[in-house]
1. Can you spot a residue in the stretch 403-425 that is in a loop (DSSP other than H, G, I, E, B), touching a helix residue (DSSP H, G or I) at 6+ places or on another chain (Cβ under 8 Å), among the β-branched types (Val, Ile, Thr) and modelled with pLDDT of 80 or more?
2. Given the criteria of a type outside the set (Gly, Ala, Ser) and under 26 Å from the mean Cα position of the chain (by Cα), does LYS296 qualify?
3. Out of the stretch 399-436, which residues are closer than 21 Å to ALA386 by Cβ, among the polar types (S, T, N, Q) and surrounded by fewer than 15 Cβ atoms within 10 Å (Cβ to Cβ)?
4. For the stretch 56-71, give me each residue that is open to solvent by less than 20 Å² (accessible area, probe 1.4 Å) and under 19 Å from SER10 (Cα atoms).
5. Can LEU8 be described as of a type in the set (A, V, I, L, M, F, W, C), within 29 Å of ARG111 (Cβ to Cβ) and open to solvent by less than 50 Å² (accessible area, probe 1.4 Å)?
6. Within the stretch 247-266, which residues are in contact with a Gly (Cβ under 9 Å, 6 or more places away or on another chain) and aliphatic (A, V, I, L, M)?
7. Would you mind stating whether THR29 is of a type in the set (S, T, N, Q), closer than 30 Å to ALA248 by Cβ and assigned to a loop (DSSP other than H, G, I, E, B)?
8. Taking the stated definitions as given, is VAL16 open to solvent by less than 60 Å² (accessible area, probe 1.4 Å) and assigned to a loop (DSSP other than H, G, I, E, B)?
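The values are calculated or read from the model by the stated rules, or taken from the named source; none is laboratory data. Only a predicted model underlies this, so the values are computations on that prediction, with no experimental measurement involved. Virtual Cβ from ideal backbone geometry, glycine too; neighbours counted across all protein chains shown. What goes into the accessible areas is simple: the full protein's heavy atoms, side chains included, and nothing from ligands, DNA or RNA. Shrake-Rupley method; radii C 1.70, N 1.55, O 1.52, S 1.80 Å.
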Amino acid sequence: MTTSIHNLLSRNLSGVYRDPQRIHRDVETLLNTSLGRNLRPKTEPLTSNDGTVTPSVLVLNGTLPMVYRNVTYNIPIDLYLPPQYPQCAPIVFVRPVSNMAIKENHRHVGRDGRVYMPYLHEWGAQTHELRELAVWMSSLFGSEPPCYAKPAAAAGTSSRVGSAAASSSASVTASYGGSSSVGHRPPAYAQATQQSTATQSTIGNSYNAYLPPDFCGCTGLSAEEQQRLKQQQIEKEVAEANLAAKIAREESLKEAQLKAEQARLEKDHEEQLASMRVMATSKVQYELQVVFRDAKDDLRVTLKNQKLLDYGKEEIQQLLKEGEERKEELMVLNDEMEGAVKSLEGWLEVAEQQGGENDNNNSSSSKVDNIALPVDTHSSQMLQLAAENAAIDDCFYFLDKSLAQKNIPLKVFLEEVRKLSKRQFTVKAHLIKISEEKASNPFGG
């Protein structure tokens, strides 16, 4: 049965249910009980009252036993598990056979056979299950049967001996919970006493048909004595049938109690195992989650640090490369500057020598400082400012050279550079202003 349920869920109903393991567990538990042993799983679509049809779902088809007035009857049902199960309650229908009918105005069964009961109305996925549903239905149906047997045609009294005896045996068996198919029908609306009376009448008729012809008057007994003997024989057979039914009922009750106790012990054992499995699984999952979380955090931090190291390495390499290039450029500029300074110094020496010779030869010759003479005030200011700007650039050069040769400390270098920078900014701004003024008034005084 376990294989059959598994095959239905994995092959025919794949993708229909969200929790097939829960369905497999609930159905298997119900089928292993005395209430569900006559149910068989199958698949078929579920049609609602509004006409909508769902895909094929799991259906438990068969009979559900109930006890009415100490007699066991089997109610044919169809138990559907909708696709939303276990979040949604099962849908149960009573399916009466041809010789049965649904009782009108039943409190728990509609005219279409659908079962309505508090257990279904209060259904919860975590608190309800199919086994308890079967117990509820069996109890409610036992207190108020949902079906009754339709009236059957009366049998003739001229039946053969074998047929009458079989009818008598079947009636007695049905009255006391035997295994005959008649015993599986729900009780009729008539009182139980009517059933007992019909049973005795059937036995009496069967006995009359069984009596030999000479027993009716050929032995010399009176009619009253013959009737009394027949009545004694009937009572004896009824007593024997009652005793056999009682013994069978007691044995069936003991067997049911033993199965119930065994099922309870198995249930307790399964619940304990399930609880232990859940606890162990939860603990292992928690420990694994902690380990995975710590490993994930460490890996994230490691990757982040690796990215930072790679980025810093690239920046350092870029800075070193730029520093080397800048160093080469500065060395080239320094060499060029030193060559220009030497050329200028040589030119000045030559100019001073020539000037000294001119002074000796001609005392009225002009000096070097008088070579360039401004013609107006603005030109004079621009000449002085340009000379001052050039002088400041020279000061920057020699300060930088002194710092490189460690002739002056860094603090003094920075202070002097700050002072000269302020002055050079003022000089350049003044030069720009004078240039703009001369451009706007080229012929001004």
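1. There is at least one residue in the stretch 403-425 that is in a loop (DSSP other than H, G, I, E, B), touching a helix residue (DSSP H, G or I) at 6+ places or on another chain (Cβ under 8 Å), among the β-branched types (Val, Ile, Thr) and modelled with pLDDT of 80 or more.
2. It is true that LYS296 is of a type outside the set (Gly, Ala, Ser) and under 26 Å from the mean Cα position of the chain (by Cα).
3. Matches in the stretch 399-436: SER421, THR426, SER435.
4. VAL57, LEU58, VAL59, LEU60
5. The answer is no for LEU8.
6. ALA248
7. Against the criterion (of a type in the set (S, T, N, Q), closer than 30 Å to ALA248 by Cβ and assigned to a loop (DSSP other than H, G, I, E, B)), THR29 does not qualify.
8. Here the answer is yes, as VAL16 does meet what is asked.
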